[in-house]
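All remarks here apply to the structure that follows.
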Amino acid sequence: MRILVIEDNRRLSAALAQSLSDAGYAVDTAYDGQEGQEFAEAAPYDAIILDILLPVRDGLVVCRALRARRVNTPVIMLTARDTVADRVRGLDSGADDYLVKPFALSELLARLRALLRREAPSKGGLLEAGDLRLDPATRFVERAGHSIELTAKQYALLEYFLRHPNQLLTREMIESHVWSYDFDATSNVVDVYVRRLRREIDDPFDVKLLETVRGAGYRLRVPHV
């Protein structure tokens, strides 16, 4: 999943980016409101972490502008202000959640998972396809009762497939959601990672879940019960 962090405090931005990357997310960062808005309008992010007090254009203006342009990406708003009126202004601008600084990174990650669950086929915590299960809270993956160890990027790729079951995902869609702006789009890295993921979640099992759609992309097929 791909996250945009719009935060002008570079130390905090770097800490957020590192924590999110460690949790398996692809992360892009912007340091002022205008740059952040341009990023948000240019790529299909899964969530945006948006500070209110930003240079050039503040977070409230950015959030309202994105909603006016029908960018409906979930937004967690960050602020040092903790009055009810401030929280109301943030939510009324179009934010989905509100977090007051200083905050624990674990809480931010939990709130982010909660926002992403709203977009998931199942509103519960687990993502499932047949006997394949992924728990975003613990990053635990298992199939047919056997635990599966994945790299951070394999995990991100599997999570993206599980959040879009039975849908054709083109290479471009996968690139946009699983890799950040520094991704080399001319390479075959998507195909390489899909092959690696398939070796972990499909090859040892009789029922195959990951399908290659020739000339188009890939699909995670949920078996009929």
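The values are calculated or read from the model by the stated rules, or taken from the named source; none is laboratory data. All values derive from a computational prediction rather than experimental measurement. A quick note on method: Cβ atoms are made from the backbone with ideal geometry, for glycine too, and the neighbour counts reach across all protein chains shown.
In this structure, is ARG139 of a type in the set (Lys, Arg), at negative phi and touching a residue at least 12 places away in the same chain (Cβ under 8 Å)? No; evaluated as a whole, the condition is false for this residue.
Could you tell me which of the residues GLU149, GLU172 is not β-branched (Val, Ile, Thr) and not in a helix (DSSP H, G or I)?
Values: GLU172 fails: not in a helix (DSSP H, G or I).
It is GLU149.
Candidates are the residues of the stretch 14-73 that are assigned to a loop (DSSP other than H, G, I, E, B) and either in the same structural domain as LEU150 (by TED's automatic domain parsing) or basic (Lys, Arg) (or both); the one that is nearest to ALA114 (Cα to Cα) is ARG70.
Entry remark, the stretch 58-83: residues being farther than 16 Å from ALA42 by Cα and of a type in the set (Lys, Arg) number 2 in total.
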